[in-house]
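Enquirer: Okay, here's the structure, questions in a sec.
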Amino acid sequence: MSSMGITQIAAVMGSCVAGGAYLPIMSDEAMIVDKTGSIFLAGSYLVKAAIGENIDNETLGGATTHCEISGVTDYKAKDDKDALDRIKSIVGKIGDYEKAGFNRETPQKPALEEKDIYGILPKSRTEQYDMMEIIKRLVDNSEMDMYKPDYGKSIITCYARIDGWAVGIVANQRIVSKTKKGEIQFGGVIYSDSADKATRFIANCNQKKIPLVFVQDVTGFMVGSKSEHGGIIKDGAKMVNAVANSVVPKFTVVVGNSYGAGNYAMCGKAYDPRLIFAWPSAELAVMGGTQAAKVLAQIEASSLKAKGETVDEKVEKELFDKIKARYDAQVSPYYAAARLWTDAIIDPLETRTWISMGIEAANHSPIEKKFNLGVIQV
């Protein structure tokens, strides 16, 4: 990293032994805390066993030894706070860096009350709600420029600002809508038209060097003969392709459901978002607990019947309840975070801060790769 021009500063506050002793000294600058920090290839006991020398750890590799005798470390700090203050001082003098150049204006608070977010999500996951009400409480001055608002309504695409940073937002709309052709579309489901719209919007954001923010509450892509005949796989593949090949920073907020292929299309962990974080209301799974339990219960019941066992409604219900209880425990955002499927579980009111912090960090890394969507079916 040093050869790439990335500054590295190490603070040795405890013991660094054997291979670990090399790591801080490979940094650009290293400091060691007096009396608590130590660096050596072998501690005093091993030295005694290996060559018979009697020496204490402080004399062998303490702060005084390495700052005044060996010259291994560059600074001696009197305590941990002094070490951290010295790091701040060094960082404060680093020259300016080449920026990615993401657009930022003076930050503004949302015009609508942010705390209202707590009351927008319904208790039941089957109920409708307007995702726009959440977005309005996340973006500066509650203002956004909508992209194709009357087409592919199950996904919201818009330009906005979060803490002054220009962003492109791709969010799942949870209201049941009707197309101009009179077709009913369920909220939280990705249809061919919404996937097509999202693909074009993602491409536009890459073209304009605008970071992308995905707000997930998705149950998956629409299924059934009508969707299959309409080419849902083709259109879904286009959207996934655009997400996978994006070169602008991507940030994902899981506010509700995050199921199956919908997780992929809305930039799940596998599609390399710079940050992916969840609200406590999130659920991440291959499919919803109820649907998964029904499928697995049917399979298990069929297996029992094949063995000649009698499976009545009571047994089917017991199978269903057992499987659902196990599945519900595994869709928890805490289960996902414990396995690093998300980076954090946050208070919804911290969403703006996390996104702004992420873009600011991403701005330190200029985009070096050109956006190339690759071969897609049109």
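Enquirer: Go ahead and estimate [θ] at 222 nm for the chain from helices alone: -39,500 (n - 2.57) per DSSP H run with n ≥ 4, summed, over the residue count, rounded to 500. Please list the in-between numbers first.
Expert: Values: 13 runs with 130 residues, N = 378.
-10000 deg cm²/dmol, from helical runs alone.
Enquirer: Solvent-accessible area of ILE51, probe 1.4 Å, all protein chains present, reported in Å² to the nearest ten, please.
Expert: Looks like 120 Å² after rounding.
Enquirer: Net charge within 15 Å of VAL311 by Cβ-Cβ distance, Lys/Arg positive one each and Asp/Glu negative one each, not counting VAL311 itself?
Expert: Around VAL311, the charge tally is -1.
Enquirer: What figure in square angstrom, to the nearest 10, would you give for the accessible area of ASP196 with a 1.4 Å probe?
Expert: Taking all protein chains as shown, ASP196 has close to 50 Å².
Enquirer: Farthest toward the dipole's positive end in the chain, which of THR64, LEU84, GLY374, given Cβ charges of +1 (Lys, Arg) and -1 (Asp, Glu) about the Cα centre?
Expert: GLY374
Enquirer: How high is the FRET efficiency between GLU360 and VAL223 when r is their beta carbon distance and R₀ equals 51 Å, given to the nearest 0.05?
Expert: My answer for the efficiency is 0.80.
Enquirer: Of the listed pairs LYS93/LYS209; LYS153/LYS370; LYS148/LYS178, which have alpha-carbon separations greater than 19 Å here?
Expert: Long pairs (Cα-Cα over 19 Å): LYS93/LYS209; LYS153/LYS370.
Enquirer: Over the chain, what is the mean sequence separation of C-alpha contacts under 8 Å (at least six apart), divided by residue count, expressed as relative contact order in percent?
Expert: The value is 12 percent.
Enquirer: On to the next question. Identify which of the listed values of P(r) over Cα pairs in 10 Å bins from 0, in percent was calculated from the structure shown: [x] 4, 18, 24, 25, 18, 8, 2, 0; [y] 5, 19, 23, 19, 15, 12, 7, 2, 0; [z] 5, 23, 33, 26, 12, 2, 0.
Expert: Correct label, based on the coordinates given: [y].
Enquirer: Rounded to the nearest 5, what % of DSSP beta bridges with both residues in the chain are antiparallel?
Expert: Values: 14 of 45 bridges.
Percent antiparallel among DSSP bridges in the chain is about 30.
Enquirer: So if I place +1 on the C-beta of Lys and Arg and -1 on the C-beta of Asp and Glu, and nothing else carries charge, what would the dipole magnitude of the chain be about its Cα centre? I want it in debye, nearest 20.
Expert: The calculated dipole for the chain is roughly 1320 debye.
Enquirer: For the stretch 228-333: lysine pairs with Cα atoms under 16 Å, gap of 8 or more or different chains, count?
Expert: 9
Enquirer: Ranked from the most accessible area to the least, with a 1.4 Å probe and all protein chains present, what is the order of HIS66, HIS364?
Expert: Greatest to least solvent exposure: HIS364, HIS66.
Enquirer: Give me the accessible area of TYR97, 1.4 Å probe, in Å² rounded to the nearest 10.
Expert: Spelled out: TYR97, probe radius 1.4 Å, area about 80 Å².
Enquirer: OK, next. Can you send over the carbon and sulfur percentage of the accessible area for the chain, probe radius 1.4 Å, protein chains only?
Expert: Numbers: 10870 of 20110 Å².
The C+S portion of the solvent-accessible surface of the chain is 54 percent.
Enquirer: Report the relative contact order of the stretch 284-358, percent, no decimals, based on alpha-carbon pairs under 8 angstrom and at least 6 residues apart.
Expert: That works out to 33 percent.
Enquirer: Right, another one. Which order do peptides 84-93, 247-256 fall in by mean Cβ count within 10 Å, highest first?
Expert: On the way: 84-93: 11.8, 247-256: 24.0.
So the order, starting with the most tightly packed, is 247-256, 84-93.
Enquirer: DSSP loop GluC sites (Glu not before Pro) in the stretch 111-158 with at most 16 other Cβ atoms within 10 Å of their Cβ, which ones?
Expert: Listed in order of number, the matching sites are GLU113, GLU127, GLU143.
The values are calculated or read from the model by the stated rules, or taken from the named source; none is laboratory data. Note that this is a predicted model, so its numbers are computed, not measured. Glycine gets a Cβ as well: all are built from the backbone with ideal geometry, and neighbour counts include every protein chain shown. These area figures cover heavy atoms from the full protein model, side chains too; ligands, DNA and RNA do not enter into them. Shrake-Rupley method; radii C 1.70, N 1.55, O 1.52, S 1.80 Å.
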